[in-house]
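For reference, the structure discussed in these notes is given below.
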């Protein structure tokens, strides 16, 4: 299991130190939630703050766009060269075009599905993706409880990927803890995003290690 702590739950008063701490604790990716206050009812950070986080990080960035006008935000964040750049299928009228744009920037494209969105909605573009991010909470705020039906969605998506002979990774974001990590692994998850569970712990390393199943 790869671990991507979400800095949404970090102490932004000492963001540089927080990013260094999770990297030193052994995370695999640094997950960054970009919200515009329109697609979701929250407003987070722009490229200046993300650039500062990138400079502090020794691990690749995993940028999750929760925005309207995905193309604009892709152009805004692409110069930071994250490993993954993901956008919501619910907000994109031309996903194939945007996927190609992300690829042209040398970035791995990913699509995000909200809890109510079926994996079947991306069946015809799955082969173009390096990762699919399944939201296991409603996007917008940290600290929410895991939605159990996500496990069935993971299983469905895993079968779609495997039957097509693809190497697309499955990432899950929302309510991830040591209590559900084995179920997530067994369902077919490759990467988990964890915010409160890691940043709210007394030891970032112990929290990350507890998810390493």
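Every number in this text was worked out from the coordinates using simple rules, so none of it is lab data. The model shown is predicted, which means the values in this text are computed figures rather than measured ones. All Cβ positions, glycine included, derive from the backbone under ideal geometry; neighbour counts span all protein chains shown.
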Inset, instruction - If a/c stays under 1.5 just call it rounded; otherwise compare a/b with b/c (prolate if a/b is bigger, oblate if not). Do that for region 63-174, with a ≥ b ≥ c from the square roots of the Cα gyration tensor eigenvalues. - result: oblate
Legend entry - Three-way shape label, region 2-210, alpha-carbon gyration tensor, a/c 1.5: oblate
Legend entry - Label-point gap, in nm, between residue 203 and residue 156 - each point 7 angstrom along Cα→Cβ: 4.0
Legend entry - Distance (nanometres) between label positions extended 7 Å along Cα→Cβ at residue 186 and residue 48: 4.9
Inset, instruction - Report the normalised scattering of region 115-213 as log10 I(q)/I(0) at q = 0.17, 0.19, 0.21 Å⁻¹, calculated by the Debye formula with identical scatterers on the alpha carbons. - result: -0.74, -0.90, -1.05
Legend entry - Antiparallel %, DSSP beta bridges [both residues in the chain], to 5: 5
Legend entry - Ranked list, fewest to most other Cβ atoms within 10 Å of each Cβ, for 203, 163, 9, 136: 163, 203, 9, 136
Inset, instruction - Please grab the % of Cα pairs in region 1-63 that end up more than 19 Å from each other. - result: 25
Legend entry - Spin-label model distance (nm) - residue 116 vs residue 11, 7 Å beyond Cα toward Cβ: 3.9
Legend entry - R0 of 45 Å, Cβ-Cβ distance residue 141-residue 94: FRET efficiency to nearest 0.05: 0.95
Legend entry - Relative contact order (%) - criterion: Cα under 8 Å, at least six apart; region: region 2-210: 20
Inset, instruction - Send over the semi-axes of region 1-116's equivalent ellipsoid, whole angstrom and largest first, taken as the square roots of 5 times the C-alpha gyration tensor eigenvalues. - result: 23, 15, 13
